[in-house]
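Novice: Dumping the structure here so I can ask a few things about it.
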Amino acid sequence: MSIKFRIRSLFLLPSLLVLLFAAHGVVSAPALPPNPVLYLTGTEAFQQGGKTFIRYKYDVFNKEEYPAAMFAAAPNLPPCGANTKSSRTWIDIFDSRGKRLFGFCAISKPADLNQLWFALEAGVVPPSYVYIEMNDRQTNTKYKSNLADTSE
């Protein structure tokens, strides 16, 4: 072995050890929750103000993968109308072209993601597909779902 090789090795070895220990001490950030997987659970007719409406009900298949903290009351963030304790994450339902159909600002736990819905007056043709966006207002992160059917 040449003297140059030995000298380079002496300098390279400590550098590699420092890099190895530094990499070992790095704490990885927690993984972000996945995008929601939305699906239709059913429809139901109801009456309001003398009119008949059809409610399209949805659930999020992977709702258990979202931390409860995402749905905690967030009085430090802007209110939802008069609701000053609205949740940290708001959910909006859109048609496939991006038109907002309805929204939820007071979902209080991941399990409540099985209660999403929008309604149209009976006789109005619904969009073929809808999706949701979950907006975590604290981290400014949006989670967009798949397109879900509106027919059973």
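The values are calculated or read from the model by the stated rules, or taken from the named source; none is laboratory data. Owing to the predicted nature of the structure, the values given are computational and were not obtained by experimental measurement. For neighbour counting, all protein chains shown are included, and Cβ atoms are generated from backbone atoms with ideal geometry for every residue, glycine included. Accessible surface is based on the protein model in full, side chains and every heavy atom, while ligands, DNA and RNA are left aside. Shrake-Rupley method; radii C 1.70, N 1.55, O 1.52, S 1.80 Å.
Novice: Expressed in nm to one decimal, what extension gain is obtained for the pair residue 114 and residue 39 from 0.36 nm per residue of sequence separation less their Cα-Cα distance?
Specialist: So the extension gain works out to 26.0 nm.
Novice: Once you've got the Cα coordinates, tell me which of 99/144; 85/144; 57/85; 51/85 are over 21 Å apart.
Specialist: Listed pairs above 21 Å: 85/144; 57/85; 51/85.
Novice: Follow-up question, since we're still on this one. In whole Å, how far is the Cα centre of the range 72-102 from that of the range 103-139?
Specialist: Cα centroid to Cα centroid, the span is 10 Å.
Novice: Let me ask you something else. Tell me the trypsin sites (Lys or Arg not before Pro) within the range 47-149 that lie in a loop according to DSSP and have at most 14 other beta-carbon atoms within 10 Å.
Specialist: Hits after loop and neighbour filter: 85, 97, 99.
Novice: Can you sort 150, 141, 41 by 1.4 Å-probe accessible area, starting with the largest?
Specialist: Descending order: 41, 141, 150.
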